[in-house]
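Notes follow the structure.
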Amino acid sequence: AAEITEAVASRRLHCGFLRVPVGRPPGLLFETLLTEPVVVALPVGHRLARGPAVRRAPVALRDLDDENLILVRRPGAPGLYANLLSMCETAGVRPKVVAEVERMMTSLNLVAAGAGITVVPASMQGAHPHAIVYRPFQRHAQIDAPITLVFRDGESNRAVETFVNLARSIARRRASRSACPA
């Protein structure tokens, strides 16, 4: 998120998608297009992943206490994982951060290898299906991962305006499909 924000601010990119903004430089607009729930990713043999009934049950925040946690974050930057750690601290839950990596797929690769657990947006659930079990959080501990569009305020580039409008339109359609009962 920080790299994308910096690239838009420095005019190396016209716009970009990110999860949680980690900074809000002047002259940039941040628009949340969609949100999706965050799920816990666990190695198949993990105590929280054993048995079919357990695999479907939501995870309580307290279940993360003393767990080896792999985070995706830039050192010192807030964001999705800072929000998770803040919720844990408020609840008196103390996971052990064993790794901080730059990419979500790297964290999932480490989970698949049994190095710890992580949390990812629900859309990442297809990665390593034979090595990782994905479980939702309990409703009161639910964390959402936004999809945020960042672009420069007052951008006069017609292609950027078209892209921003298209992104908004696609997000509205997806949100309306999600709101409709199946």
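Relative to the current alpha-carbon distance between Asp66 and Glu6, full extension at 0.36 nm per residue lengthens the span by 18.1 nm. For the chain, the dipole from Cβ point charges (+1 on Lys and Arg, -1 on Asp and Glu) about the Cα centre works out to 500 debye, to the nearest 20. Considering only Val101, Gly154, Tyr134, and ranking their Cα positions along the charge dipole of the chain that arises from unit charges at the beta-carbon of Lys, Arg, Asp and Glu, the one farthest toward the positive end is Tyr134.
Stretching Phe17 away from Val101 to a fully extended chain increases their span by 28.3 nm, per 0.36 nm per residue minus the current alpha-carbon distance. Stretching Met87 away from Ser156 to a fully extended chain increases their span by 20.8 nm, per 0.36 nm per residue minus the current alpha-carbon distance.
Per residue, the accessible area of the chain comes to 55 Å² when a 1.4 Å probe rolls over the protein heavy atoms.
Ordering of 109-120, 163-174 by packing is 109-120, 163-174, highest average first (other Cβ atoms within 10 Å, averaged per residue). Placing a pseudo-label 7 Å from each Cα along the Cα-to-Cβ vector at Thr32 and Arg47 gives an inter-label distance of 3.4 nm. Summing charges over neighbours of Ala171, with a neighbour being any other residue whose Cβ is under 12 Å away from its Cβ, gives +3 when K and R count +1 and D and E count -1. Which label belongs to the value computed from this structure, given these candidates for Rg/Rh (Cα atoms, Kirkwood Rh): (1) 1.05; (2) 1.18; (3) 1.01? Read-out taken from this structure: (3). Short-range pairs are left out: with C-alpha atoms under 8 Å and at least six residues apart, the relative contact order of segment 1-140 is 34 percent.
The values are calculated or read from the model by the stated rules, or taken from the named source; none is laboratory data. Just so it is clear, the model here is predicted, and its values are computed rather than measured. Heads up, the Cβs are rebuilt from the backbone with ideal geometry, glycines too, and the neighbour counts pull from every protein chain shown. To get the accessible areas, we keep the full protein, side chains included, count just its heavy atoms, and leave off ligands, DNA and RNA. Shrake-Rupley method; radii C 1.70, N 1.55, O 1.52, S 1.80 Å.
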